[in-house]
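Read-outs throughout are calculated quantities, based only on the coordinates presented, and are distinct from any laboratory measurement. Since this is a predicted model, take the numbers as computed values, not measurements. Glycine also receives a Cβ, built like all others from the backbone with ideal geometry; neighbour counts cover every protein chain displayed.
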Amino acid sequence: MKVTIVGAGAVGASCAEYIAIKDFASEVVIIDIKENFAEGKAMDLMQTASLNGFDTLITGSTNDYSKTANSDVAVITSGIPRKPGMTREELIGINAGIVKSVASSVLKHSPNVIFIVVSNPMDTMAYLTHKALGLPKNRIIGMGGALDSARFKYRLAEALGCPASDVEGMVIGGHSDTGMIPLTRLAARNSVPVSKFLSEEKISEVAEATKVGGATLTKMLGTSAWYAPGAAVSSMVQAIACDHKKMFPCSALLEGEYGLDDISIGVPCIIGKNGIESIVELDLTDAEKEKLTTSAEAVRKTNGLLEE
Ligand code: NAI
């Protein structure tokens, strides 16, 4: 398995590191526009190989896409991250052009590649990639829900006073502070609904903290987070590499699922060697359906900015 990561910044490098440590890929190529930056990150990571015990070959390149030839998966993290107080949507002006151009350059050298789009505003960037490349819909996956769900589980575990590995929780909808839908009704501790342990008020506190999870970290760090985003992407790449058929909420192009059409938004997907192998349609309550419709309207509004 050969993986390309476009963007050697915080998320791209973290993703490369987790992929290497998990040791399932033969090769990772990191590309960046900044002279020698990807090469430097790759060299630094390769110098951890004997310490961390991995055999993955990591190389870097300044904009030479021929080095990415025949990649199985490409992760797009290039662009700018938000600063404290910014929304993800405010990044569209700069990131749309970058995502479109790097995705085309990757595809030229890797005709069978599966894309994982990370750059924000992610749902719109995934939609843009679909529109620009016209690939089968299983081959373009937006990463947002895997991260948001991990943050939901972190907050649930904190409230429950138990390890996050004991917790089930899923976030669907748009990858934005207002668009995320933590499915509190389905959240559980070892299969027991969390309502058995937590008050309604505490559960909604957890849901609210989840929705602003990214903004909270951006305020603390001065830029957006990278460890959990990198870990989330690497788990998705691993599910493709190892054909795990693992379920992640992902931004998928919908064609009638959940009553939505021509939009990329977070829904549970089975991820395996073909990328999105299927979309899982949950039986949502009327209130949850309404939230998803509102979330989709917001994503469509951001998609509309692509035409301006
Ligand atoms: P960063 O600024 O650390 O890294 C971005 C890198 O992209 C830089 O090294 C820059 O030189 C490179 N770049 C810019 N234009 C390029 C081009 N045309 N070709 C190749 N490389 C180019 O940013 P960070 O923190 O890594 O975030 C990257 C993106 O991911 C941001 O848009 C951020 O908002 C998004 N993000 C998305 C998450 C999600 O859950 N979907 C989570 C965290 C971040």
Notebook entry, point to check: When the Cα centres of the stretch 1-54 and the stretch 150-166 are compared, how far apart do they sit, in Å?
Noted result: 29 Å
Item checked: Value of [θ]222 nm, deg cm²/dmol, for the chain, DSSP H segments ≥ 4, -39500 (n - 2.57) each, nearest 500 -> -13000 deg cm²/dmol
Next item on the list: Report the calculated FRET efficiency for Asp166 and Asn70 (r = Cβ-Cβ distance, R0 = 35 Å), to the nearest 0.05.
Entry: 0.30
Item checked: Diffusion coefficient, µm² s⁻¹, Stokes-Einstein with Kirkwood Rh over alpha-carbon pairs of the stretch 21-79 at 37 °C and 0.692 mPa s -> 274 µm²/s
Notebook entry, point to check: If you take the beta carbon distance between Glu35 and Asn112 as r and set R0 to 22 Å, what does 1/(1 + (r/R0)^6) give as a FRET efficiency, to the nearest 0.05?
Noted result: 0.15
Notebook entry, point to check: Hey, what does the equivalent ellipsoid look like for the stretch 95-217, semi-axes from the Cα gyration tensor as sqrt of 5 times each eigenvalue, largest first, whole Å?
Noted result: 35, 14, 11
Notebook entry, point to check: Around Leu57, what is the net charge, scoring Lys/Arg as +1 and Asp/Glu as -1 over all other residues with Cβ under 11 Å from its Cβ?
Noted result: -1
Margin query: How would the stretch 69-161 be classified by its alpha-carbon gyration tensor: rounded, prolate or oblate, with rounded meaning a/c under 1.5 and the a/b versus b/c comparison settling the rest?
Written below: oblate
Margin query: Can you compute 3J(HN,Hα) from phi for each residue in the stretch 276-292, using the Karplus curve 6.51 cos²θ - 1.76 cosθ + 1.60 with θ = phi - 60°, rounded to whole Hz and x for Gly and Pro?
Written below: 7, 7, 6, 9, 8, 9, 6, 7, 7, 6, 4, 5, 5, 4, 5, 5, 5
Next item on the list: May I ask you to sort Phe115, Phe248, Phe197, Phe54 by Cβ crowding, counting other Cβ atoms within 10 Å and putting the fewest first?
Entry: Phe197, Phe54, Phe248, Phe115
Next item on the list: With springs connecting C-alpha atoms under 10 Å apart, model the chain as a Gaussian network and identify which of Leu198, Leu51, Leu147 has the largest mean-square fluctuation.
Entry: Leu51
Check: How big is the stretch 182-242 in terms of Cα radius of gyration and Dmax, in angstroms?
Finding: 15.1, 41
Checklist line | Distance (nanometres) between label positions extended 7 Å along Cα→Cβ at Glu307 and Thr216 | finding: 3.8 nm
Item checked: Chain lengthening between Met43 and Ser101 when straightened (0.36 nm per residue, less Cα-Cα) -> 18.3 nm
Checklist line | Radius of gyration and maximum dimension Dmax of the chain, Cα, Å | finding: 18.5, 56
Checklist line | FRET efficiency, 1/(1 + (r/R0)^6) with R0 41 Å, evaluated for Tyr227 and Asp286 via beta carbons | finding: 0.65
Next item on the list: Taking the Cα centre of the stretch 202-308 as origin, sum charge times position over the Cβ atoms of Lys and Arg (+1) and Asp and Glu (-1), and report the length of that vector in debye to the nearest 20.
Entry: 620 debye
Next item on the list: With +1 on each Lys and Arg Cβ and -1 on each Asp and Glu Cβ, and nothing else charged, work out how big the dipole of the chain is about its Cα centre, in Debye to the nearest 20.
Entry: 340 debye
Notebook entry, point to check: Would you list Leu260, Leu305 from fewest to most Cβ contacts within 10 Å?
Noted result: Leu305, Leu260
Margin query: With an 8 Å Cα cut-off and a minimum separation of 6 or more residues, compute the relative contact order for the chain in percent.
Written below: 18 percent
Notebook entry, point to check: Out of residues 5 or more away from Ile265 or on other chains, whose amide H comes under 5 Å of its own, with H placed 1.01 Å from N in the peptide plane?
Noted result: Ala252, Leu254
